[in-house]
Each structure stands twice: as structure tokens, then as C-alpha cells.
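The values are calculated or read from the model by the stated rules, or taken from the named source; none is laboratory data. Treat the numbers as computed from the prediction; the structure is a model and nothing was measured. Don't worry about glycine lacking a Cβ; one is built from the backbone with ideal geometry, like all the others, and counts go over all protein chains shown.
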Amino acid sequence: MLVFPSKSSILPDMNIFFPFLRSKIPAVPTEELIRRENILMIAEPEIPPDFMKTFQPEVMLKESGSVAAFICGNGCYFGKICKFRGMGRAILRAHRVPRVFRCYAGAKWLIADGFTTPPPVAAAVRTFLRRIPIAQYLLTERLPENTVYLDKFCRSCTPEDRENLLRELLKFTARLHLAGWRHGDMSLRNLYLLPEPENFGMIDLDALEHYTGSVPAEVAAPELARLISSMVRSAELTKIPAGMVERSLELYQEFGGPVITPAEIRKKLERLMKHKAHPKWQGKTDAKKAF
């Protein structure tokens, strides 16, 4: 059963906002939530209550029917807007803690635990009838210019660099799991490296969860499979190189991770590779040369 400890010794001013169905993530106290007409928000002191109007997109990074990601605030912030398509979906989410509040709180807790993620600045929900969410807004600090985005790095790095990177990522993942954190989408596109000081960081905390003690093996296995799958696809391979799963598990367990059998990882990898199959990855790189 998934529970969340009080952690009062780390952040005494934070507590459980209210539980939702899948997990319990600590969030800001209710007295810090600001209600302004149809907007419910939490923000750092320097952020104005109408930040959704103030911080207009300056550089659009992603735009679809339901999600927009952009740079804003004179290039200082990263913004994300999620809109619900259809009143039915919005009503179904009316009883849950809004995703942006979970991301905001999860980032605060990760930073308090010594992990790296862009510091959250503000989160807000636009509601209908003061209860039904119709749009969510998240604002974080922008990553430094010298940030190394691992998905881009892996496409052009040497096999030796890729091996070293996988080793360091397995060490990082084991440390994360030992602290009780499960990212939920541990792929290269959600990981980055800060060169000074050298440190891995995480973005996209939508599926972040915390467990009392360390993350159990049955939860850690899908996370490792996703990481390995992401490394393989970055090398534009169509299958897992021989021995890669065994070596990865040995390193992960050497760094303190729970015991996981290769069969568990392979089963999950087969699903991931089949799901992520794309013509542009077919036959471009030989598996033995890539790792």
C-alpha cells in the first residue's frame, strides 16, 4: 500500500493537501492556496496573482490541442498549459488533486531530498463553477543554457560514452528508488545533466510517487525497463543488445537497488519496444556496435 510519511523534519510548513486515488503526494497547506474568482493557485511571493496573463508565450516549444509548453517571463521561466477537452473529462477530475499541484509539491519534496529538478514557481487551476477544472497552468524556473539534454546527447555520443552514461543513470536511479521516489516516466527525454556541478536532473513529474522506505522491486522494474528502452532507442536500434539487461541489473543492484530478475525486465522491454517501434529506427545501427 502506498503511503506518504509526514517528513515534518524536512519541511515543517508542508503537509498533505488531500489524498487522491492513485497515490499520496505531499502538497502545500490549504492556507497557502489563493482563490481569485474562478482561479485556484499557489505561487512564490514574487509571482503576481494574474501570472497567466502576465507571462505570455515568448518561445513556443510544444503546442497541441490540449498542451502548450513555452518560454515566458522575459526568458526566465518555463510555462505549461493543459486544457481538458470535453466537460466529461473535466468533471471526472473534479475530485482529484490537480496535476499541476502534484507536480509543484513533488518538485519541492525532491529538492528537499537532495535531487535536482527545475524549481517550481507557480501552479494554478482555472475552474468552472469553482470546482470543475477546465485548464491547468504550471510555471517553473528555466534550465540554464549549459544544460545537457540526454536524449539529444545520446543520439550523437560514442558507444563508450553511452555505456558510461547508462552506468551513471543506473546509479542515479538506484539512489532515487532508495529514497522512496518513483519518477513514473524514467526516459532520456525527461532527464538532463547540469555540468557545473555535475548532477542529473528530472522534468515531467506528472507520475511522481513516493513510497515509505525504498521503492519495491515490482515498481522499480518498469522504471528500469523504460530507462533501458530509452537508451536503446536513442541508438536507433530495433532490439536489445545481448547482455545489456544483465549488466544493467548487476550495476543497479550494486548501487543498492532491489533484486530484479532479467526475465521481469525483458517482458516489460518487449512491450515498450513494440509500442515505440517506428520506421525511422529500422536497421540504422548495429546492436553490437552501439553498446
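Structural remarks
- Scanning the stretch 46-79 for residues that are part of a loop (DSSP other than H, G, I, E, B) and at pLDDT below 75 turns up Glu46, Pro48, Pro49, Asp50, Phe55.
- Being surrounded by 19 or more Cβ atoms within 10 Å (Cβ to Cβ), free of Cβ contacts under 8 Å to residues at least 40 places away in the same chain and in contact with a helix residue (DSSP H, G or I) (Cβ under 6 Å, 6 or more places away or on another chain) is a condition met by no residue of the stretch 145-153.
- The set of residues in the stretch 195-228 that are at pLDDT below 90 and not in a loop (DSSP other than H, G, I, E, B) comprises Asn199, Glu209, His210.
- Pairs where the first residue, in the stretch 108-124, is free of Cβ contacts under 8 Å to residues at least 60 places away in the same chain and the second is buried (at least 20 other Cβ atoms within 10 Å of the Cβ) and in a loop (DSSP other than H, G, I, E, B), C-beta under 8 Å, 6+ apart: Ile111/Thr117
- Residues in the stretch 117-134 that are surrounded by fewer than 20 Cβ atoms within 10 Å (Cβ to Cβ) and hydrophobic (A, V, I, L, M, F, W, C) were compared, and the one that is farthest from the chain's Cα centre (by Cα) is Leu129.
- Search result, residues across the stretch 229-246 that are in contact with a Ser or Thr (Cβ under 6 Å, 6 or more places away or on another chain) and on the phi < 0 side of the Ramachandran plot: Ser230, Ala235, Leu237
- Of all residue pairs spaced 6 or more apart or on separate chains, those with beta-carbon atoms under 6 Å, a first member in the stretch 63-74 that is farther than 16 Å from Ile203 by Cα and a second member that is in a strand (DSSP E or B) are Ser66/Lys83; Cys72/Gly79.
- Selection count, the stretch 236-291, where residues are exposed (fewer than 15 other Cβ atoms within 10 Å of the Cβ), modelled with pLDDT of 90 or more and among the aliphatic types (A, V, I, L, M): 1
- Checking each residue in the stretch 154-190 for being at pLDDT below 90 and polar (S, T, N, Q) picks out Ser156, Thr158.
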